[in-house]
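Every number here is computed from the coordinates shown, using simple stated rules; none is lab data. Bear in mind that the values here come from a model prediction, so they are computed numbers and not experimental data. Virtual Cβ from ideal backbone geometry, glycine too; neighbours counted across all protein chains shown.
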Amino acid sequence: MKAKDVKVAFFDTKPYDKKSFENVNKNYHLSLTFFDNKLQADTALMAEGFDVVCAFVNDEITKETIKVLVSHGVKLLAMRCAGYNNVDLKFAAECGLAIVRVPAYSPHAVAEYTLGLLLTLNRSIHRAFCRVRENNFSINGLCGFDLFGKTIGIIGTGKIGATFAELFKGFGVKILAYDLYPNKKLEEDLDLRYTTLDEIYEKSDIISLHCPLTKDNLHMINAQSIAKMRDGVIILNTSRGKLIDSKALIKALKTKKIGGAGLDVYEEESEYFFEDRSLFAIDDDVLARLLTFPNVLITSHQAFLTNEALANIAETTLNNISEYFLHNNLVNGVCASCAK
Ligand code: NAD
């Protein structure tokens, strides 16, 4: 097979995807087609005649979607992201649909953004920006706290969590960490100590989530875990929305148990995130309620969005596809047993 004969259908694409993939494809010469639509059961038919579908975080790669893809000749699903919680891996394996992903593209992009959320939220920079633009120069109600001397709890110390911890060198904070597989080197290199989730909940002033979403940690931040936390704790989530029970979060924000939330992800984000919905009312009452809190900072899953990350995503994805079709080599494959 020649590179130009490998037909790739991109779903849920935005102008920045097209730009970065077309640029990197100058070195790969694959045949790329970009669709705006999300990949889901009722759009999967658009992949007819393509060898590969390239999907993103909010595409719905369910059994139904996979059935349509495979029956129309798609052989490879190339995820242009790290996570694959939106893919039915077991069924894909049963159907012989191979899957590749981008395990790392820029942990710095997400870690730096998480720090940005924290600094913005704690010091009310988002609110100050709006005030000053309205000629309101009052600083009343914008008081934050020094990070110096505070305790940060990091849940998940893989590439992003570890990079996030490293960014705190110089801040004078204590770091508590939890991971299923602790990284001893981090403990040696940084002022960081691994402990239990309960100790993180009990002692942290700030808790940041950097673990993947699995069936074991769905809604790990819930009424019970929140009850164990310090009053006024700040929660940061740039990982996956379903790690947090949003209704429990709202309750805790109302009682001021939680002092603030910086969220780049939301459990029902797929209806809203990445789209301009400014002409419509929000039907999702939970999201609408979250948006009313001055101490909740929500962004639309953009932590990854840097030039470097986009270029790396495109490079790794096109390389994964080329390796598979031109060299019969599954690089960065995701197997059925990866499903937890
Ligand atoms: P990674 O695989 O390098 O690290 C994940 C870490 O979490 C690993 O050390 C793993 O052992 C640990 N882990 C797994 N299950 C856990 C659990 N139940 N409790 C505690 N720790 C657990 O992944 P990464 O590159 O650091 O990415 C982390 C997550 O960030 C991804 O899974 C993805 O959901 C999210 N992400 C978000 C964006 C964004 O734009 N907002 C971009 C990239 C990744």
Task: Cβ-based net charge around Asp283, under 14 Å, with every Lys or Arg adding one and every Asp or Glu removing one - done: -4
TODO: Take the alpha carbon atoms of region 187-219, find their center, do the same for region 60-137, and report the distance between the two centers in whole angstrom.
DONE: 21 Å
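What is the order of Arg127, Arg101, Arg133, Arg193, fewest Cβ neighbours within 10 Å to most? Before the final figure, lay out each step's value.
Details: Arg127 18, Arg101 21, Arg133 8, Arg193 13.
If I rank by nearby Cβ atoms, fewest first, I get Arg133, Arg193, Arg127, Arg101.
For region 247-303, which trypsin sites (Lys or Arg not before Pro) are in a loop by DSSP, counting at most 13 other Cβ atoms within 10 Å? Could you put the intermediate results ahead of the total?
Numbers: sites: Lys247, Lys251, Lys254, Lys256, Lys257, Arg277, Arg289; in loops: Lys256, Lys257, Arg277.
Answer in residue order: Lys256, Arg277.
Give, as a single signed number, the net charge of other residues whose beta carbon lies under 14 Å from the beta carbon of Glu166, with Lys and Arg counted +1 and Asp and Glu -1. Provide the component values of the computation, followed by the final result.
Details: positive: Lys159, Lys169, Lys185; negative: Glu112, Glu187, Glu188, Asp189, Asp191.
Net charge around Glu166: -2.
Which whole-number percent gives the relative contact order of the chain, counting Cα pairs below 8 Å spaced six or more residues apart?
Numbers: 633 pairs, mean separation 63.2, N = 340.
About 19 percent, as a whole number.
Order by neighbour count: Cys81, Cys335, Cys130, fewest other Cβ atoms within 10 Å first, most last.
Details: Cys81 19, Cys335 13, Cys130 10.
Least crowded to most crowded, the residues run Cys130, Cys335, Cys81.
Would you mind working out the magnitude of the charge dipole of region 252-305 relative to its Cα centre, with +1 at each Lys and Arg C-beta and -1 at each Asp and Glu C-beta, to the nearest 20 Debye?
Values: 5 positive and 10 negative charges, 109 e Å.
The calculated dipole for region 252-305 is roughly 520 debye.
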Task: Selected from Asn140, Asn295, Asn85 as most flexible by GNM, with the chain as the system and alpha-carbon contacts under 10 Å - done: Asn140
Open item on the list: Over region 216-278, what is the relative contact order in percent, taking alpha-carbon pairs closer than 8 angstrom and at least six residues apart?
Closed with: 39 percent
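Show that you can apply the helix-only estimate: for the chain, add -39,500 (n - 2.57) for every DSSP H stretch of four or more residues, divide by all residues, and state [θ] at 222 nm to the nearest 500.
Values: 12 runs with 114 residues, N = 340.
So the calculated ellipticity at 222 nm is -9500 deg cm²/dmol.
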Open item on the list: If you take every residue apart from Leu236 with its C-beta less than 14 Å away from the C-beta of Leu236, what net charge results, scoring Lys and Arg +1 and Asp and Glu -1?
Closed with: -1
- [ ] Take every DSSP beta bridge with both residues inside the chain and express the antiparallel ones as a percent of the total, to the nearest 5.
- [x] 0 percent
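Compute, for region 15-120, the length of the dipole vector about the Cα centre, with Cβ point charges of +1 (Lys, Arg) and -1 (Asp, Glu) only. Units Debye, rounded to 20.
Details: 10 positive and 12 negative charges, 50 e Å.
The dipole magnitude comes to about 240 debye.
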Open item on the list: Can you list residues from other chains, or at least 5 along the same chain, whose modelled amide H is less than 5 Å from the amide H of Phe34?
Closed with: Phe10
Open item on the list: As a footprinting exposure proxy, order Phe10, Phe280, Phe145 by other Cβ within 10 Å, with the fewest listed first.
Closed with: Phe280, Phe145, Phe10
TODO: Name the long-range amide H neighbours of Gly153: under 5 Å, sequence gap of 5 or more, or other chain; modelled H, no Pro or chain starts.
DONE: Leu176, Asp205, Ile206, Ile207, Ser208
- [ ] Mind checking which aspartates and glutamates have their Cα closer than 16 Å to the Cα of Lys257? Skip sequence neighbours fewer than 8 apart in that chain.
- [x] Glu202, Asp205, Asp231, Asp245
Task: For region 45-139: relative contact order, % (alpha-carbon pairs under 8 angstrom, 6 or more apart) - done: 24 percent
- [ ] Check cross-link reach from Lys174 to the lysines: straight Cα distance under 21 Å, and skip same-chain residues fewer than eight apart.
- [x] Lys150, Lys159, Lys184, Lys185, Lys203, Lys228
